[in-house]
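Inspection log for the structure reproduced underneath, given as structure tokens.
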Amino acid sequence: MSGVEVITFGCRLNTYESEVMRSQAEAAGLNNAILVNTCAVTGEAVRQARQAIRRARRDNPHARIIVTGCAAQTEKQTFAEMVEVDAVLGNEEKLKSASYRALPDFGVSAEEKLRVNDIMSVRATAPQMIRHIDGHVRAFIQVQNGCDHRCTFCIIPYGRGNSRSVPMGAVVDQARNLVESGYREIVLTGVDATSYGADLPGTPTLGLLAKTLLKQIPEIRRLRLSSIDSIEADQHLMDLIADEPRFMPHLHLSLQHGDDMILKRMKRRHSRADAISFIEDVRRLRPETSFGADMIAGFPTETEDMFANAVGLAEEAGIAHLHVFPYSPRPGTPAARMPQLDRGLIKERSARLREAGQRLHQAHLDKMVGTRQWLLVENGGLAHTENFTLVAAPGLRPRDLVQVAITGHNGKHLDMQLLAADAA
């Protein structure tokens, strides 16, 4: 192979950072290299990264393999000891061109492979400028990194460090850059995006940032948020939901569970009632809003009744896009030291929660039939509605905005009939 290939795992923030990594590595003159940007959310994510590294080495025996990302930050020795790996970069180092110019030679020891600093010492997130997100028709912008909260199940603060925000002006410049490159939808992303601005002068909020972007860059046709913590939603954000048609009616919530005792043991800052109240408030302001949510099945000490409360919350809230994670103990987290459930039980409850999510998704698809929707056309003959429902859109050009009538669904995606196109 030649050039730089990037293999990305995990969140949208990683997707964005992979483009920065590619740019910085190429600027450093790196060639014949594979960058693996890992995720540490679950043990399964780490296993998949290790598997991908071994496969990359088999397929590219002479390439340089550099591993980075959250799993490399939290389990650096694990990756440094892999014979397939030539270097391990931390989450801060991966974004700097100098890191790729200072890589060790092939065949060095595990310790010599490591370029991983103390992520907790990082106090700022430098703005990055990119013009392209490979393989995507919507553009992601990092507005924040790290997290100041310490949920008992979560390893991510130890991979990302404490919360730090990108200055508002830099976010506006990056958004304008991407819009000039032809992107019509912008997605604001971060580790704990709704904590945006607490460390900046004047303490601006995520909602104010979104308002500012839409005001200063009228060419943005659609603006989304990646994932939010509802307890941190500010009034500016609620104003956008109520009054701004370019702010998309879909919110992905970090719910994690639906039982108050488990939420306390997780050290979450919201209650079941808080979550329901927020969803009701949003739907009152904008009824067409759909919700996604992350939920964990099989958290330590979870009883059958507690699990039933999690399923019940998803059903009561009408979560259309439920992302289920089987609980996975992460070394060094408080939850890993709590009484654990049997892995078979965790797997069984995960399957039941996914089944509930599938029923809710079917109900959501049923309600969409007969409506008119604007779609952003994507690669591979697919598109998403404004409320982030998948639609089959064969024969249409990626990045176009089109209006369609929803004629039915196949249980996975909606079917449509084209009404109008806005290709400007």
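The values are calculated or read from the model by the stated rules, or taken from the named source; none is laboratory data. These numbers were taken from a predicted model, which means no experiment stands behind them. Backbone-built Cβ (ideal geometry, glycine too); neighbour counts: all protein chains shown. Remember, those area values only see protein heavy atoms, side chains included, never the ligands or the DNA or RNA. Shrake-Rupley method; radii C 1.70, N 1.55, O 1.52, S 1.80 Å.
Scan the stretch 310-352 for residues that are in a helix (DSSP H, G or I), touching a Pro at 6+ places or on another chain (Cβ under 8 Å), among the hydrophobic types (A, V, I, L, M, F, W, C) and open to solvent by 30 Å² or more (accessible area, probe 1.4 Å) and report the count.
Total satisfying the criteria: 1.
Restricted to the stretch 54-70, and to residues that are open to solvent by 10 Å² or more (accessible area, probe 1.4 Å) and not in a helix (DSSP H, G or I), which residue is nearest to ARG115 (Cα to Cα)?
ARG64
So VAL377 ticks every box in (1) within 17 Å of LEU322 (Cα to Cα); (2) surrounded by 16 or more Cβ atoms within 10 Å (Cβ to Cβ); (3) of a type in the set (A, V, I, L, M, F, W, C) but one. Which box is left unticked?
Only one criterion in (1) within 17 Å of LEU322 (Cα to Cα); (2) surrounded by 16 or more Cβ atoms within 10 Å (Cβ to Cβ); (3) of a type in the set (A, V, I, L, M, F, W, C) is unmet by VAL377, namely (1).
Being assigned to a loop (DSSP other than H, G, I, E, B) and either in the same structural domain as PHE325 (by the TED database) or touching a Ser or Thr at 6+ places or on another chain (Cβ under 6 Å) (or both), is that true of even one residue in the stretch 207-215?
No: zero hits.
Find the residue count for the stretch 159-197, including only residues that are outside any helix (DSSP H, G or I), out of contact with any Pro (no Cβ under 6 Å at 6 or more places or on another chain) and in contact (Cβ under 8 Å) with a residue 40 or more places away in the chain.
So the count comes out to 18.
Give the residue that is farthest from ALA308 (Cα to Cα), with candidates limited to residues of the stretch 349-365 that are basic (Lys, Arg) and over 22 Å from the mean Cα position of the chain (by Cα).
ARG359
Within the stretch 293-309, track down each residue that is open to solvent by 10 Å² or more (accessible area, probe 1.4 Å) and not in a loop (DSSP other than H, G, I, E, B).
Within the stretch 293-309, ASP294, ILE296, GLU304, ASP305, MET306, ALA308, ASN309 qualify.
Go through GLY29, GLY10, GLY90 for me and flag whichever is under 17 Å from the mean Cα position of the chain (by Cα), of a type outside the set (Val, Ile, Thr) and closer than 29 Å to ARG138 by Cα.
Of the residues listed, the single one that is under 17 Å from the mean Cα position of the chain (by Cα), of a type outside the set (Val, Ile, Thr) and closer than 29 Å to ARG138 by Cα is GLY10.
For ARG150, state whether it is among the basic types (Lys, Arg), under 30 Å from LEU401 (Cα atoms), outside any strand (DSSP E or B) and open to solvent by 30 Å² or more (accessible area, probe 1.4 Å).
Spelling it out, it is not the case that ARG150 is among the basic types (Lys, Arg), under 30 Å from LEU401 (Cα atoms), outside any strand (DSSP E or B) and open to solvent by 30 Å² or more (accessible area, probe 1.4 Å).
For ARG268, all conditions in the list (1) part of a helix (DSSP H, G or I); (2) farther than 16 Å from ALA356 by Cα; (3) not acidic (Asp, Glu) hold save one; what is the number of the exception?
(1) is the only condition that ARG268 fails.
Just give me the residues in the stretch 397-424 being in contact (Cβ under 8 Å) with a residue 24 or more places away in the chain, hydrophobic (A, V, I, L, M, F, W, C) and not in a strand (DSSP E or B), in sequence order.
Across the stretch 397-424, the qualifying residue is only ALA423.
Could you tell me whether LEU200 is outside any helix (DSSP H, G or I), in the same structural domain as ILE279 (by the TED database) and open to solvent by less than 10 Å² (accessible area, probe 1.4 Å)?
Taking the combined requirement at face value, the residue does not satisfy it.
Determine whether PHE79 is aromatic (Phe, Trp, Tyr) and over 21 Å from the mean Cα position of the chain (by Cα).
yes
Quick one: which of GLN51, GLN73 is surrounded by 12 or more Cβ atoms within 10 Å (Cβ to Cβ) and more than 19 Å from GLU26 (Cβ to Cβ)?
GLN73
Among (1) surrounded by 15 or more Cβ atoms within 10 Å (Cβ to Cβ); (2) farther than 28 Å from CYS154 by Cα, which single condition is VAL83 missing?
Failed condition: (1).
Of these, SER290, SER271, SER277, which one is polar (S, T, N, Q), touching a strand residue (DSSP E or B) at 6+ places or on another chain (Cβ under 8 Å) and modelled with pLDDT of 95 or more?
So the residue among SER290, SER271, SER277 that is polar (S, T, N, Q), touching a strand residue (DSSP E or B) at 6+ places or on another chain (Cβ under 8 Å) and modelled with pLDDT of 95 or more is SER290.
I'd like the full set of residues that are among the small types (Gly, Ala, Ser), closer than 21 Å to LEU353 by Cβ and open to solvent by less than 30 Å² (accessible area, probe 1.4 Å), limited to the stretch 203-261.
Correct list: SER230, SER254, GLY258.
Output the number of the condition that SER290 fails; it satisfies all remaining conditions of (1) under 19 Å from CYS151 (Cβ atoms); (2) surrounded by 22 or more Cβ atoms within 10 Å (Cβ to Cβ).
It fails just one condition, (1).
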